[in-house]
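Notes follow the structure.
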Amino acid sequence: MTRGFRKKIRQKNTENSGFGSNASGRFINKDGLPNVQRTGVNVFNRLSWYHTMLNLSSFRFISYLVVAYILINLVFAMIYYIIGVEHLTGIDKSDPLNEFIDVFFFSSQTFTTVGYGRIAPVGFMASLVATFEAFLGLLTFAIATGLFYGRFSRPRAYLRFSDIAVIAPFQDAAALMFRLAPYKNNALTDADVIVSAAIEVIENGVPKSNFYRLETHLSKINTLALNWTVVHKIDENSPFYGFSEEDFNATDIELIVQVRAFDEVFSNTVVQRSSYVTGEIIYGARFVPMYYPNKDNQTTILDLDKINEYQKEELTASVRNKE
């Protein structure tokens, strides 16, 4: 953050955000993970590989497994080739390419413990390498199975947040709004939201970040089946009271959002986070509805493609005067 707000904010800042006032940059990334880089430890101690693999997207997870599988078999194929193809029976020795292809597929059969039997090791070194590869294959597939189970069994909220927040008319004032919606068929109940604002201020010529808890119009709902528009009314109790459009655009602001809900299938609590920074907050706009009845009025359609759609809407003169 580099741009500070120089006016007096009435609300007292909170100290339980978990971030220091001199922290820099975005605090929470769009994926909900803290924007923190740790140093002082090596990469093996800094990263939890289990958590990393669980948090990967499905495409990247499968891609990493496929690439690792091919690389491991290439390494063992080269080891067998260096030992000598004469120590493997059943090899097609018509040309070097066919030899290497046969060695590669022998490696994959050994790694997966399939063992078709056409090619077999002969001699101590080839048998030793095949034994170790079969053992490594058992361990690798055990780890991959555990990761697959962990990814499928881990309870997740499966919420999609709007990419933007808006400042829209609300009751007799303005309000800051963003929305979220479940995008899978999981059943979430007792959902509550916690919204904090990090506002960079200038104190004695030094920029620092102050954190404020934002009160929401509805902080808890019984069932999260459709989209939920979270509303923070900008009144005397808001840290944004008195902010003009220029203030919103010129001040470094970050909204830190945490949603907690109960997943009935897993019988467990799930949490998901997101954030909005200056540039992702649109002044004078309102979200358009994203759900509507179907043709026979027998069910409700939730159109997730509309989660970011909004229309410009001027704030009334009375609202601007209050700001």
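Values quoted throughout were computed directly from the atomic coordinates according to the rules given, and no laboratory measurement underlies them. Computed from a predicted structure; not experimentally measured. Positions of Cβ are generated from backbone atoms using ideal geometry, with glycine treated the same way; all protein chains shown enter the neighbour counts.
Highest first, please rank the peptides 54-66, 118-130, 161-173 by the mean number of other Cβ atoms sitting within 10 Å of their residues. Let's see the in-between values first.
On the way: 54-66: 12.2, 118-130: 15.6, 161-173: 19.2.
Highest-to-lowest ranking by the protection proxy: 161-173, 118-130, 54-66.
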### Message
With the crude spin-label approximation of a point 7 Å out along Cα→Cβ, what separation in nm comes out for Ser63 versus Asn29?
### Response
1.5
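Highest mean first, what order results for 197-209, 249-261 on Cβ atoms within 10 Å? Display every interim value, and only then the final one.
Working: 197-209: 16.5, 249-261: 20.4.
The most tightly packed comes first, giving 249-261, 197-209.
Kirkwood-based Rg over Rh for region 231-277 (C-alpha set), two decimals? Mind showing how you got there, number by number?
Details: Rg = 15.9 Å, Rh = 13.3 Å.
Checking Rg against Rh, the ratio lands at 1.19.
If you wrap region 42-191's Cα atoms in a convex hull and average its projection over all directions, what's the area in nm²? Intermediate results must be reported in sequence, preceding the final value.
Details: hull surface 62.1 nm².
Result: a mean projected hull area of 15.5 nm².
Let me know the charge dipole size of region 110-226 about its Cα centre in debye, to the nearest 20, where only the beta-carbon of Lys, Arg (+1) and Asp, Glu (-1) is charged.
Working: 10 positive and 8 negative charges, 102 e Å.
Result for region 110-226 is approximately 500 debye, rounded to the nearest 20.
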### Query
Cα centroids of region 136-181 and region 239-254: how far apart, whole angstrom?
28
### Query
When the helices in the chain are scored as -39500 (n - 2.57) per DSSP H run of 4 or longer and the sum is shared across all residues, what 222 nm value do you end up with, to the nearest 500 deg cm²/dmol?
-9500 deg cm²/dmol
### Task
Pop out the ³J(HN,Hα) list for region 293-299 in order, Karplus 6.51 cos²θ - 1.76 cosθ + 1.60 with θ = phi - 60°, rounded to Hz; leave Gly and Pro as x.
x, 6, 4, 9, 6, 9, 8
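Place the peptides 103-110, 211-218, 292-299, 92-99 in order of packing, highest mean first, counting for every residue the other Cβ atoms within 10 Å and averaging per peptide. Could you put the intermediate results ahead of the total?
Details: 103-110: 21.1, 211-218: 17.0, 292-299: 8.0, 92-99: 11.1.
Highest-to-lowest ranking by the protection proxy: 103-110, 211-218, 92-99, 292-299.
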### Message
Restricting the calculation to Cα positions, tell me the Rg (one decimal) and the Dmax (whole number) of region 153-244 in Å.
### Response
15.9, 52
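Taking a quarter of the surface of the convex hull around the Cα atoms of region 141-300, what do you get in nm²? Let's see the in-between values first.
Details: hull surface 55.2 nm².
Across all orientations, region 141-300 yields a mean hull projection of 13.8 nm².
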### Task
Average the reciprocal distances over every distinct pair of alpha-carbons in region 214-292, invert the result, and give the Kirkwood radius in Å.
15.1
#### Entry: Pairwise FRET efficiency - Gln298 versus Asn45, Cβ, R0 = 51 Å, nearest 0.05
0.35
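What do you get for Rg/Rh of the chain when both radii come from the Cα atoms and Rh is the Kirkwood radius? It would help to have the intermediate numbers written out before the result.
Numbers: Rg = 28.4 Å, Rh = 24.2 Å.
The Rg/Rh ratio comes out at 1.17.
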#### Entry: Local electrostatic count at Arg156 - Lys and Arg +1, Asp and Glu -1, tallied over other residues with Cβ under 11 Å
+2
